[in-house]
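Trainee: Please read through the structure below; I'll follow up with questions.
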Amino acid sequence: MDTMSNILVIGSLNADLVVRAPRFPAPGETISGEDLAIIPGGKGANQAVAAARQGAQVSMLGRVGSDSFGPTLTQNLQTNNVDTTHVYTDASATGTAIIVVDASGQNSIVLSPGANGKVTLADVDAFPFQEEKMLLLQLEIPLETVTHAASLARQNGLRVILNPAPARPIPDSLLADVDILIPNESELQLLSGQSVTDTDSAKAAAHILLEKGVKTVIVTLGANGALLVTDEKTTHVSTFKVDVVDTTAAGDAFISGLAAALLKGKSLEEAVHYGNASGALAATKFGAQPSLPTQNEVEQLLRR
Ligand code: ADP
């Protein structure tokens, strides 16, 4: 295979601490659950691993804590062929997600950002932009850092992809530096201030963001695939029918599948199709990073 150009991911690394229990405990109550599963997660690290499994050369920039989870998460990235030269160790705790899953499969999550909240503008400035073609950003690290990273990446000629998750308001100055914005329906609703209920309202909301300088908006629609919106046209791209087990990290798989396809020279529409395949496969397995598909798995589904 020819070497692909680099993807830089600036974002979060989390340890997902998952316990299945018969039901959620009431306030003040203690109940027993199954054995604890410690699963590597965090949107930044998920997208880095997903892109590497699609054959891209990936570097991750972020922070872990000075506890035992830090080296675990860093080594996990290395095992997945992600360069961790710019994953720094912070004095605080590693980011964690405390997740309880009940018998019906619903989950209840407390997120502790820890070291993810300490990724600074200086961390970004220390990155030696070289071969990178694309920057993947999400919103689990400080907004000032995300905004600065987008601006610096743009200056260095990288294509900037922002997944505005978890949903929070973002400044117009950040939107102006984004090439491809990938929100789900609720994130699109929050960013545009418009209610999103169907294709027409999603298109209208996406156009509000295009007017702020975003070049392309891709709205992920779960089992309905994705809507690709540019100034010129709007295209709905259906996804694949799969047996859904857990949609955790489906969005992350979608984004990295799309990014890897763009690096291979695919058109935006083809790349969305590739993203759908990657997202659909991630929904067929439990957990965040263990569910992220390989390039082979995605290509097999695309051939079907
Ligand atoms: P998020 O999980 O970030 O809210 P979505 O639910 O929109 O994002 O899912 C992201 C992508 O993953 C979708 O665009 C689709 O390609 C894929 N996907 C998610 N859920 C399903 C599903 N039930 N069946 C098939 N594909 C899915």
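The values are calculated or read from the model by the stated rules, or taken from the named source; none is laboratory data. Owing to the predicted nature of the structure, the values given are computational and were not obtained by experimental measurement. Every residue, glycine as well, gets a Cβ built from its backbone with ideal geometry; the counts of neighbours run over all protein chains shown. The accessibility values were calculated without ligands, DNA or RNA, using every heavy atom of the protein model including side chains. Shrake-Rupley method; radii C 1.70, N 1.55, O 1.52, S 1.80 Å.
Trainee: For region 73-148, what is one quarter of the convex hull surface built on the Cα atoms, given in nm²?
Mentor: Directional mean of the projected Cα hull area for region 73-148 stands at 6.9 nm².
Trainee: Thr235 to Glu34: extension gain in nm, 0.36 nm per residue of separation minus the Cα-Cα distance?
Mentor: Difference between extended and current length: 67.9 nm.
Trainee: Across the chain, how many lysine pairs, 8 or more apart or on two chains, come within less than 15 Å at their alpha-carbon atoms?
Mentor: The number of close lysine pairs in the chain is 7.
Trainee: Helix by helix, which DSSP H runs in the chain go 30 Å or more along their axis at the Cα atoms and have an average Kyte-Doolittle hydropathy of 1.0 or more?
Mentor: In the chain, no H run is both long and hydrophobic enough.
Trainee: Moving to a separate point now. Determine the dipole magnitude for region 1-75: charges of +1 sit on the beta-carbon of Lys and Arg, -1 on that of Asp and Glu, nothing else is charged, the reference point is the Cα centre, and the result goes in debye to the nearest 20.
Mentor: With Lys and Arg at +1 and Asp and Glu at -1, about 180 debye.
Trainee: Want the number for Phe24 to Asn224: 0.36 nm per residue separation, take away the alpha-carbon distance, what's left?
Mentor: Once the chain is fully extended between Phe24 and Asn224, it gains 69.0 nm.
Trainee: Round to a whole angstrom and tell me the spacing of the C-alpha centers of region 159-225 and region 54-79.
Mentor: Going from one Cα centre to the other spans 28 Å.
Trainee: Quick query: amide H of Met134 versus all other amide H atoms, modeled in the peptide plane; which residues come in under 5 Å with a sequence gap of 5 or more or a different chain?
Mentor: Amide H neighbours of Met134, under 5 Å, 5+ apart: Leu8, Arg159.
Trainee: Within the P(r) computed for region 40-170, what percentage of the Cα pairs occupies the region above 24 Å?
Mentor: 28 percent
Trainee: Tell me, what is a quarter of the convex hull surface for the C-alpha atoms of region 10-108, in nm² with one decimal?
Mentor: Reported value for the Cα convex hull: 7.4 nm².
Trainee: Counting only heavy atoms of the protein chains, get the accessible area per residue of region 73-137 (1.4 Å probe) and round it to a whole Å² value.
Mentor: Accessible area per residue: 50 Å².
Trainee: Follow-up question, since we're still on this one. Charges at C-beta only: +1 for Lys and Arg, -1 for Asp and Glu. How large is the resulting dipole of the chain about its Cα centre, in Debye rounded to 20?
Mentor: Charge dipole of the chain: 360 debye, to the nearest 20.
Trainee: Under a Cβ-only charge scheme (Lys and Arg +1, Asp and Glu -1), can you give me the dipole magnitude of region 5-138 about the Cα centre, in debye to the nearest 20?
Mentor: About 200 debye.
Trainee: Hey, another quick one. Mind checking the alpha-carbon convex hull of region 233-304 and giving the volume per residue in Å³?
Mentor: In region 233-304, the Cα hull volume divided by residue count equals 84 Å³.
Trainee: What does the charge count around Gly65 come to, taking other residues whose C-beta lies under 10 Å from its C-beta (Lys +1, Arg +1, Asp -1, Glu -1)?
Mentor: Residues close to Gly65 contribute a combined charge of 0.
Trainee: Which percent of Cα pairs goes in each bin when the distances of the chain are cut into 20 angstrom slices starting at zero?
Mentor: Reading upward from the zero bin: 35, 59, 6.
Trainee: Restricting to the chain, what percent of DSSP beta bridges are antiparallel, rounded to 5?
Mentor: 35 percent
Trainee: Taking amide H atoms as placed 1.01 Å from N in the peptide plane, list the residues 5 or more away in sequence, or in a different chain, whose amide H sits under 5 Å from that of Arg23.
Mentor: Ala103
Trainee: I'd like the carbon and sulfur percentage of the solvent accessible area for the chain, probe radius 1.4 Å, heavy atoms only, ligands and nucleic acids excluded.
Mentor: 49 percent
Trainee: Using the charge dipole of the chain (Lys, Arg: +1 at Cβ; Asp, Glu: -1 at Cβ; taken about the Cα centre), state which of Gln47, Val119, Ser68 has its Cα farthest towards the positive end.
Mentor: Going by the Cα projections, it comes out as Gln47.
Trainee: Less than 14 Å Cβ to Cβ from His148, Lys/Arg counted +1 and Asp/Glu -1: what total charge do the surrounding residues give?
Mentor: -3
Trainee: Further, regarding this structure: With a sphere of radius 15 Å drawn around the Cβ of Ile38, what net charge do the other residues whose Cβ falls strictly inside it have (Lys, Arg +1; Asp, Glu -1)?
Mentor: Taking every Cβ under 15 Å from that of Ile38, the sum is -3.
Trainee: Okay, next question. What Rg and what Dmax come out for region 189-272 when only alpha-carbon atoms are used, in angstroms?
Mentor: 13.2, 38
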